[in-house]
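J.: Would you mind keeping the following structure in view while I ask a few things?
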Amino acid sequence: MKLTFAPLEGITGADFRRLHAQMFGGADRYYAPFIAPDPSGCLKVSRLRDLLPENNAQLPLVPQILANSAEAFVETARQLRDLGYEEINLNIGCPSGTVVSKHKGAALLAEPEALRRLLDGIYAGSPLPVSVKTRLGFQSTDEFPALLEIYNDYPIAELTIHARDRAGQYKSVPDRQMLLWALAHSRAPVCCNGNLFRPGDLAALDGAERFMLGRGAVMNPALFRELRGGGGLEREELRDFAAALREISRERLSAAHTLAWLKELWYYWKWLFPGEKKLLKAIFKAREMDDYSKAATALFAGGAFMPDARFEGSDTFLFSS
Ligand SMILES: Cc1cc2nc3c(=O)[nH]c(=O)nc-3n(C[C@H](O)[C@H](O)[C@H](O)COP(=O)(O)O)c2cc1C
């Protein structure tokens, strides 16, 4: 079994990855959130920082590129090779409106000729093996057999499949049947992704050996350890992880940005305390770091902790009343 931590833009940056590996034993591999080079292959400094080897402590890391120009992809891949990377991932799944309107990410699922042109250029010019992260379709997961005909024409190092169509964003029920079909018909090894939150979700994918875990592993950072037969998440280690993330972020970001980031993480962690509406509310309402720290301390000290709870979606607020 090969376990990968999914790229989650805004969450699984270098600091998160490093601390996760140090405190929980890590995943077999991490994907970095996408970088989007300009047409000449130039990268923003802030994005490059996330990929600098000194910020990633020799983690097994695969950078991901979001591009619709083979030239920009290849130029960026050269720069990443010079940093020491050995594989690059191409993002053909990002569903966001701003990305799709630029004919990037999931847009390519609905543009087969543009997709072929891009793959032709990338596989002709890339200095490194290229894996692909895709969805099952744009409007419908039934589009996948036609897409796989395209993918099967290229030497894709690994095909990660988020088992939804673009229309399903992060909410629709993953199409397990089509994912199983892909496992049987893909030339490239398939890595399964989408709502794999608990060990049983992986076991249900008969024959699969490669899995990518995203939101479930943010909620439960010990999930990889658990899947390897180790212990489940302990309240104290989540407390220490949250505190370490706060400290490392404060070294680099303003207090306001740190607070916003911590609240984003609590959209995942809140599911571990399903009965603690009042204490959770205090975290989300905190305006200053001191208020946040008091609220988090109270929750970790006295809140009922349910490490086996299931992640239910980051935008479904637990306590709307
Ligand atoms: C906040 C957020 C940011 C994401 N950023 C990326 C990204 O940069 N690149 C990418 O390929 N997928 C990205 N994804 C998709 C995830 O990698 C993953 O495919 C998706 O969440 C489904 O897996 P999960 O159900 O295990 O979370 C993002 C998802 C979320 C929720």
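J.: Using 1/(1 + (r/R0)^6) with R0 = 25 angstrom and r between the beta carbons of residue 263 and residue 47, what's the FRET efficiency to the nearest 0.05? Walk me through the intermediate numbers first.
T.: Numbers: r = 23 Å, r/R0 = 0.92.
That pair, residue 263 with residue 47, gives E of 0.65.
J.: While we're looking at this one, here's another question. How large is the accessible surface per residue of the stretch 74-181, computed with a 1.4 Å probe and reported in Å² as a whole number?
T.: 43
J.: Kindly provide the GluC sites (Glu not before Pro) of the stretch 77-118 that DSSP labels as loop, not H, G, I, E or B, and whose Cβ sees at most 12 other Cβ atoms within 10 Å.
T.: 86
J.: Within the set 2/281; 102/171; 104/277; 102/277, which residue pairs have Cα atoms separated by over 29 Å?
T.: 2/281; 104/277; 102/277
J.: While we're looking at this one, here's another question. Please identify which residues in the stretch 50-75 have an amide N closer than 19 Å to a label point set 7 Å out from the Cα of residue 86, following the Cα→Cβ vector.
T.: 51-65
J.: For the stretch 106-174, run through the chymotrypsin sites (Phe, Trp or Tyr not before Pro) and keep only the ones in DSSP coil with at most 13 other Cβ atoms within 10 Å of their Cβ.
T.: Values: sites: 123, 138, 151, 170; in loops: 138, 170.
Filter output for the stretch 106-174: empty list.
J.: Suppose the chain between residue 254 and residue 308 were pulled fully straight at 0.36 nm per residue; how much longer would it get relative to their current alpha carbon spacing?
T.: 16.1 nm
J.: Net charge within 12 Å of residue 106 by Cβ-Cβ distance, Lys/Arg positive one each and Asp/Glu negative one each, not counting residue 106 itself?
T.: My count for the surroundings of residue 106 gives +3.
The values are calculated or read from the model by the stated rules, or taken from the named source; none is laboratory data. Predicted model only: the values in this text are computed from it and were never measured. So basically every Cβ, Gly included, is an ideal-geometry build from the backbone, and we count neighbours across all protein chains shown. Heavy atoms of the whole protein, side chains included, go into the accessibility calculation; ligands, DNA and RNA do not. Shrake-Rupley method; radii C 1.70, N 1.55, O 1.52, S 1.80 Å.
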